[in-house]
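Structure record follows, encoded as structure tokens.
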Amino acid sequence: MTHVVVDALMPTYARYPVTFVRGQGTRLFDETGRVYLDFAAGIAVAQIGHAHPRWVEAVAGQAARLAHVSNLFSTEPQAALAERLTALAGWGQAFFCNSGAEANEAALKLARKATGRPRFVAAAGGFHGRTFATLAATGQPHKHQPFQPMPPWFTHVPYGDAEALEQAVGPDTAAVILEPVLGEGGVIPAPPGYLAAARGICDAAGALLILDEVQTGVGRCGAWFAHPLHDVRPDVMTLAKALGGGLPIGACLSRPEVAFGPGDHASTFGGNPVVCVGALTVLDVIEDEGLVDNAARQGERMMAGLRRLGHDAVADVRGAGLLAGVELVEGLAARDVVLAALGRGLVLTEAGPGVVRFTPPLTATDEDVDRAVSRFGDALEVAA
Ligand SMILES: *Cc1c(COP(=O)(O)O)cnc(C)c1O
């Protein structure tokens, strides 16, 4: 494993010491040809695995046909993707942008416009992006610190506490924004009934409910989206990460009654033909290969396997579908375990200082899952 470090790059990331040059399915290869089992999938992005032949062909074909014309013109792939996504959700209209943060920016602006109200309520530990508004929405004060002052419109409440949410929401609340599973905040699934309670609280106050499904959506949690698992329909849902299969795309879906009008919002690249064809192919492959069901099945297998390790270093195993987190005991750093796993040929990520996150491609097989669990057990031995 080697590390490409150049002075020409801003040192924004505390990068792991490996440089990947190729991916195939659930495997990554470094520049020496060493093979790794990828249970990070680019932070829940590579839903259909790396270099899926249908995706490669569709994206290359669209790049050769028409890559970009701006949103001053309509394009067939963008229209098709909007129809496909809203059909999968069973509701809504779509606006396309290029990332999760942008999708959440759109959602927050939409809530302002629809309600005329100034404030938002979000969860402590939540993550919504790195732009000023989405950073302010993010309930992780250490990320705010170097950039103070933040836009002062956000109240943060403990995640999972419906009573605290009810107290924070009032006549000046435009929207409540929540993740169905806190992703970056440590892989914490919403407790049963919490999102339904949030829906009721928003309805009573005339506020909108925004669900940030940037990490939980597109099959990750064993359903196309996580919110139906909680019997809740938000006013606005945001997607990004997995949607493009590695191409940058974000989507903001809203009920038609709270949609933007002409001139309200825009993006130069948002939903261009190449990324939309990529996204359509991701959705097709997930459907044709039964990957939503596979995510549910392999998620069970993976979490059962992780629990069965019964390692002293593990404080908790939790998650939804193929979004799983292992909380480590006090004093053991997730980074050390992730580095040890990398040394054993398993790619994982951290979700906060004490939680190791597992987000493999939804194409993961029994064998992939069993091998990942076993390598993770070895990594715990090395790191603990
Ligand atoms: C990753 C993430 C974002 C930010 O997405 P970017 O594409 O990095 O802007 C927002 N919300 C959630 C829940 C995320 O996991």
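For this structure, a couple of remarks:
- Whole-number D in µm²/s for segment 112-201 (Stokes-Einstein; Kirkwood sum over Cα pairs; 25 °C, 0.890 mPa s): 184
- Sparsely packed loop sites in segment 43-149 (the chymotrypsin sites (Phe, Trp or Tyr not before Pro) outside DSSP H, G, I, E and B with at most 15 other Cβ atoms within 10 Å) comprise F73, W91.
- Antiparallel DSSP beta bridges within the chain, percent to nearest 5: 60
- When only alpha carbons are used to place a centre, segment 56-82 and segment 1-21 end up 32 Å from one another.
- Here the chain is scanned for trypsin sites (Lys or Arg not before Pro) in DSSP loops (not H, G, I, E, B) that have at most 15 other Cβ atoms within 10 Å, and the longest stretch holding none of them is 131-384.
- Computed E for V35/T86 - FRET, C-beta separation, R0 35 angstrom, nearest 0.05: 0.35
- Stokes-Einstein translational diffusion, segment 303-384 - Kirkwood Rh over all Cα pairs, 0.890 mPa s, 25 °C, in µm²/s: 199
- Lys, Arg +1 and Asp, Glu -1 on Cβ, resulting dipole of segment 333-384 about Cα centre, debye, nearest 20: 200
- Each residue of segment 109-114 was assigned a 3J(HN,Hα) from its phi angle through the Karplus curve 6.51 cos²θ - 1.76 cosθ + 1.60 (θ = phi - 60°); the sequence is 4, 4, 5, 4, 5, 5 Hz, with glycine and proline shown as x.
- Under 23 Å from the Cα of K241 - lysines, other chains or at least 8 residues apart: K109, K143
- Distance from the Cα centroid of segment 267-341 to that of segment 109-159 is 26 Å (rounded to whole angstrom).
- With the charge dipole of segment 53-288 set up from +1 on Lys and Arg Cβ and -1 on Asp and Glu Cβ about the Cα centre, the Cα lying farthest toward the positive end among the listed residues Q62, T281, L239 is that of Q62.
- Projected onto its three principal axes, the C-alpha set of segment 1-48 covers 33, 24, 13 Å, listed from the longest axis down.
- Take every Cα pair under 8 Å whose residues are at least 6 apart in sequence, average their separation, divide by the length of the chain, and the relative contact order is 22 percent.
- More than 26 Å apart - percent of Cα-Cα pairs taken over segment 247-384: 40
- Per-residue HN-Hα couplings for segment 94-103 [Karplus 6.51, -1.76, 1.60; θ = phi - 60°; Hz; x = Gly/Pro]: 10, 10, 10, 9, 10, 6, x, 4, 5, 5
- Fully extended contour minus Cα-Cα distance, from R307 to R54, at 0.36 nm per residue: 87.5 nm
- Paramagnetic label zone (point 7 Å from Cα along Cα-to-C-beta, A64; backbone N under 17 Å) in segment 278-305: 278
- For S99, distant residues with modelled amide H under 5 Å away: G250
- The H on the amide N of A174, modeled in the peptide plane, is under 5 Å from the matching H of R119, F120, each at least 5 residues off or on a different chain.
- Kirkwood radius for the chain, taken over all pairs of different Cα atoms as the inverse mean of 1/r, rounds to 21.3 Å.
Every number here is computed from the coordinates shown, using simple stated rules; none is lab data. All values reported here derive from a predicted model rather than from experimental measurement. Glycine gets a Cβ as well: all are built from the backbone with ideal geometry, and neighbour counts include every protein chain shown.
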